[in-house]
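A quick write-up on the structure given underneath.
No lab work stands behind these numbers, since they all come straight from the coordinates. This is a predicted model, so every value here is computed, not measured. All Cβ positions, glycine included, derive from the backbone under ideal geometry; neighbour counts span all protein chains shown.
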2 protein chains.
Amino acid sequence: MERNPIPKATWGRLPLYLQYLRTRLPLQGKMISAAAIARDLSLGDVQVRKDLALVSGAGKPKVGYVAEQLIRNIENCLGCNQITPAVLVGAGKLGCALLDYGGFEAYGVRIVAGFDCSERVIREEHTNKAILPMERLTPFCRENRIRLGIITVGQDSAQIVCDRMVQSGVTAIWNFAPCRLTIPPGVLLKQENLALSLAYLKNQLYQ
Amino acid sequence: MERNPIPKATWGRLPLYLQYLRTRLPLQGKMISAAAIARDLSLGDVQVRKDLALVSGAGKPKVGYVAEQLIRNIENCLGCNQITPAVLVGAGKLGCALLDYGGFEAYGVRIVAGFDCSERVIREEHTNKAILPMERLTPFCRENRIRLGIITVGQDSAQIVCDRMVQSGVTAIWNFAPCRLTIPPGVLLKQENLALSLAYLKNQLYQ
């Protein structure tokens, strides 16, 4: 996968631009300027201009970019057209919500299967995706060359699940369990803390 | 609520320290140093020292802080002991997962009720919390002086829900719907994009 040397902060804004552009359809043949995007997204003019220049070169003076081309350039940059498969372990409410969430594919990720150690969960299947027993995790990951894993179990079993994922070839983990995981060098970890977002918002209320 | 002038970045790390300290119980009478916290959380020594100094003053040389006191100071700073009630609209899978998520109260937020326009959802009640019909939203928020609202409906109805919340007195909104909301001045908005976290992790895989 070819990549431009794009700064982390810019990369973080690309999905926002993409979402903005996609929700402004029909854009057929339309031009869109960095200034318009900046205004609509409440971002700095210069920042947006620099970001788009990295992805799509300089826009035409006064008119900006061909919207469809800009969307394609951002999609290519984000790797949206190359779907990366992911597995999820822990098919509780949050796990099922993520399994059924339709927004990941727009960014090039597909959760292909969920795993759970509870037979009850496996039988009931609250979701549209397959939920498999835990002993299937390692063979499944190896057969399908899975490198991306999502952990939505409780904090008591998160480390065990993490270790199993790593043994199965997973090299990037998104952890929702409220605990620090120990990972070997070379494995990526993104710790999600939903409570933190809410705590931050609450704190703002009183400032 | 009294507040120290704590920088945003420090504030973002406080819940992490709190979670770390809470999961190290029993701490009764124990001392804990900034260096130990920095090591265990893989953070910079100087950073942790500065953060804790803002919240709890200087620690004792060589030994650090009385752990229980440090926990109390961080809790006070975060306002953990003053529970702020919140409402949630959209009792689908994600909404129900959030309604049942136990991690918010540790940071001083309690989701007191969910709302949904679907009678089917209201009847089935997949969650331990009350799910009320939409027409109850405004009276409920006014009666209970709700200022914090969570939106977990689809993008088609998110703006309508947002407007209803604002009319009902909500001044801080956490939006999970993948769309930009228009809010009046004075209302806080935190846009959650779960796909973004996953997209970022995926991109890292290929860099």
If each residue's Cβ is checked for other Cβ atoms within 10 Å, how do B:Arg49, A:Arg136 rank with the fewest at the top? A:Arg136, B:Arg49
Name the long-range amide H neighbours of B:Lys190: under 5 Å, sequence gap of 5 or more, or other chain; modelled H, no Pro or chain starts. B:Ile173, B:Trp174, B:Asn175
Could you tell me the largest-minus-smallest coordinate of the C-alpha atoms of the range A:1-121 on each of the three principal axes, in descending order and whole angstroms? 61, 28, 25
Could you tell me how many degrees, from 0 to 90 and to the nearest 10, lie between the Cα long axis of helix B:194-205 and the main elongation axis, the longest principal axis, of the Cα atoms of chain B? 50 degrees
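Mean residue ellipticity at 222 nm from the helices of the protein assembly as shown, using -39,500 (n - 2.57) per DSSP H segment of n ≥ 4 over the full residue count, to the nearest 500 deg cm²/dmol?
On the way: 18 runs with 183 residues, N = 414.
Estimated from H runs of four or more residues: -13000 deg cm²/dmol.
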Between chain B and chain A, with a rotation axis joining them, whose C-beta in B is nearest that axis, and what is the whole-Å distance? B:Ala97, 2
Just from the alpha-carbon atoms, what are the Rg and Dmax of the protein assembly as shown in angstroms? 22.4, 69
Which distances, shortest first and in nm, link A:Glu119 to the matching position in the other copies, using label points set 7 Å out along Cα to C-beta? 3.9
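Rounded, prolate or oblate: pick one for the range A:78-192, where a ≥ b ≥ c are the square roots of the eigenvalues of its C-alpha gyration tensor, a/c under 1.5 means rounded, and failing that, prolate if a/b is larger than b/c, else oblate. Provide the component values of the computation, followed by the final result.
Working: a/c = 1.34, a/b = 1.03, b/c = 1.30.
Rounded, since a/c falls under 1.5.
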Out of all DSSP beta bridges with both ends in chain A, state the antiparallel percent to the nearest 5. 10 percent
With Cβ to Cβ distances under 13 Å as the rule, what net charge do the other residues near B:Val187 carry (K, R +1; D, E -1)? +2
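Which of the three applies to chain B, rounded, prolate or oblate, going by the alpha-carbon gyration tensor with a ≥ b ≥ c and a/c under 1.5 meaning rounded?
Values: a/c = 2.20, a/b = 1.84, b/c = 1.20.
Note, shape of chain B comes out prolate.
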Residues of B:30-37, mean number of Cβ from any other protein chain within 10 Å of their own Cβ, rounded to a whole number? 0
Copy-to-copy label separations for A:Glu105, where each label sits 7 Å from Cα toward Cβ, in nm and ascending: 3.9
Within chain B: Cβ-based charge dipole about Cα centre, in debye rounded to nearest 20 (Lys, Arg +1; Asp, Glu -1): 720 debye
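Using Cα pairs closer than 8 Å and at least 6 residues apart in sequence, work out the relative contact order for chain B, in percent. Could you put the intermediate results ahead of the total?
On the way: 292 pairs, mean separation 28.7, N = 207.
That works out to 14 percent.
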Quick note on B:Leu94, A:Leu189, B:Leu194, A:Leu88, ordering by fewest other C-beta atoms within 10 Å, gives A:Leu189, B:Leu194, B:Leu94, A:Leu88
State, to one decimal in nm and shortest first, how far the label point of A:Leu189 sits from each corresponding label point in the other identical copies (label point: 7 angstrom along Cα-to-Cβ). 3.5
Could you state the angle between the C-alpha long axis of helix B:45-56 and the longest principal axis of the C-alpha atoms of chain B, as a value from 0 to 90 degrees rounded to the nearest 10? 70 degrees
Shape category assigned to the range B:25-68 from the gyration tensor of Cα positions, a/c cut at 1.5: oblate
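Would you mind giving the mean number of other chain beta-carbons within 10 Å of the Cβ of each residue in A:92-104, as a whole number?
Working: counts 3, 11, 7, 2, 4, 10, 5, 1, 3, 8, 3, 10, 6.
Whole-number average of other-chain Cβ neighbours for A:92-104 is 6.
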Excluding residues fewer than 8 positions from A:Lys30 in its own chain, the lysines with Cα under 25 Å of it are A:Lys50, A:Lys60, A:Lys62
